[in-house]
Amino acid sequence: MNAGTPRAAAAALLDGGLVVLPTETVYGLAGRADDPAAVARIYAVKGRPSQHPVIVHVSDPRLDPTAAGSWISEAPAYARQLAEAFWPGPLTLVLPRSARATDDVTGGQDTVALRVPAHPLALEVLRTMDDIDPANAPHGVAAPSANRFGHVSPTVLAHALADLGELLTDSDVALDGGACTVGVESTIVDCTGEQPRVLRPGGIGAAAIERVTGLRVLDSAASGIRVPGALPSHYAPAATLVLAPDGEALAAYVDAAAESGVDVRRIGVIAMSAVPVPEGTARLLAPDSMDAYARGLYDALRQADDTGIAFIIADGYRLHHRGAPGSRCRRGQRSNC
Ligand code: TXA
Ligand code: MG
């Protein structure tokens, strides 16, 4: 596997190789979306079950047949408003697919998930693919998060390489785009109904979607749509993760763990900077805003695993119900805690 330039990455993708691609949300493992063999390799490298659909990433946000719109067959007015307001950015739209979006990327569903990432390197790779191979432009790449299936998503290149590096070959490229500025995955919005429905909370909140569309946002509970990212085991660190509803509960959890024989130094705490953490525990993150919480969360979870932390107690106090960090922490909790 080569540490590459955007041009080398574009060439590798066009040849059917895979690229560890920085985006503003998390690093992706990218492969040409119209190359079934490349998409199949993404699944193999991730260890991901094949019925899980992937997001197609494109560079040109226009929802017409010469651009992002070439992957879909139709879009309601509110989807166009969302694309205009938030692309490039941490938003994925699920829309009825066109013939370009084959079963390989949709998992056999009649919809496709589309996103225009905001990271300049990701956009440069996609545009360079179009320059090198204009006959098949506009190109799209399938890119799930570049982690082993079920593990925490990578927010720096080293995290992706720790999970997948050994499975990549000389025809693949890893691009270093620095630390992801959002730090949790894109918000996924199902745009097949009369109102937008959030299938996965992420970088863009429901309030912003309501503001732009003037429509009430539904949440995923009643949709019946498969969102494999909602499996309880997703985003799980090896350590046991517990959410504390307030500072008092946080202290009580630490006491309980210590009383049951856990070495206090093996208890990691993720809490807003204003929340004091019990003495002797390892502070994994002290964010001063919800954005900083999201940006640092996955790194803190990996850091916990790397340093032998057995229990992570996260301050759930300020995590509002539909926010991205709250959703990720809830899913990161294992069923045995
Ligand atoms: O921020 C992100 O979205 C990152 C970066 C790399 O762009 N990508 C990412 O991909 O998180 P992945 O594969 O880890 O998660 C994609 C999610 C999965 O939960 C998948 O089930 C859902 O998108 N998805 C994909 N296509 C879908 C569809 N047609 N209908 C409903 N959900 C879909
Ligand atoms: Mg993922």
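The values are calculated or read from the model by the stated rules, or taken from the named source; none is laboratory data. This is a predicted model, so every value here is computed, not measured. Backbone-built Cβ (ideal geometry, glycine too); neighbour counts: all protein chains shown. Ligands, DNA and RNA are excluded from the accessible area calculation, which covers all protein heavy atoms including side chains. Shrake-Rupley method; radii C 1.70, N 1.55, O 1.52, S 1.80 Å.
Brief remarks on what is shown
- Taking Pro90, Pro278, Pro134 as the candidate residues, the one with maximal mean-square fluctuation in a Gaussian network model of the chain, Cα springs under 10 Å, is Pro134.
- Among Arg216, Arg302, Arg97: highest mean-square fluctuation, GNM of the chain, C-alpha pairs under 10 Å: Arg216
- With Cα atoms, 0 to 90° folded angle of helix 36-46 axis to the chain main axis: 10
- The portion of the accessible surface of the chain made up by carbon and sulfur, rounded to a whole percent, is 51 (1.4 Å probe; DNA, RNA and ligands excluded).
- Theoretical FRET efficiency, 1/(1+(r/R0)^6), r = Cβ-Cβ of Ser289 and Ala135, R0 45 Å, to 0.05: 0.45
- Relative contact order %, the chain, counting alpha carbon pairs below 8 Å whose residues are six or more apart: 20
- Of all DSSP beta bridges confined to the chain, the antiparallel ones make up roughly 40%.
- Amide proton proximity set for Ile270, modelled H, under 5 Å, gap of 5+: Leu284, Ile313, Ala314, Asp315
- Projected-area mean, the stretch 59-201, by convex hull of Cα positions, square nanometres: 9.1
- Share of pairwise Cα separations in the chain, more than 38 Å, in percent: 15
- Choice from Arg100, Arg211, Arg266 with maximal GNM fluctuation in the chain (Cα, 10 Å cutoff): Arg211
- Residues whose amide H lies under 5 Å from that of Arg97, counting only those 5 or more places away or on a different chain, are Ser73, Thr111, Val112; hydrogens are built 1.01 Å from N in the peptide plane.
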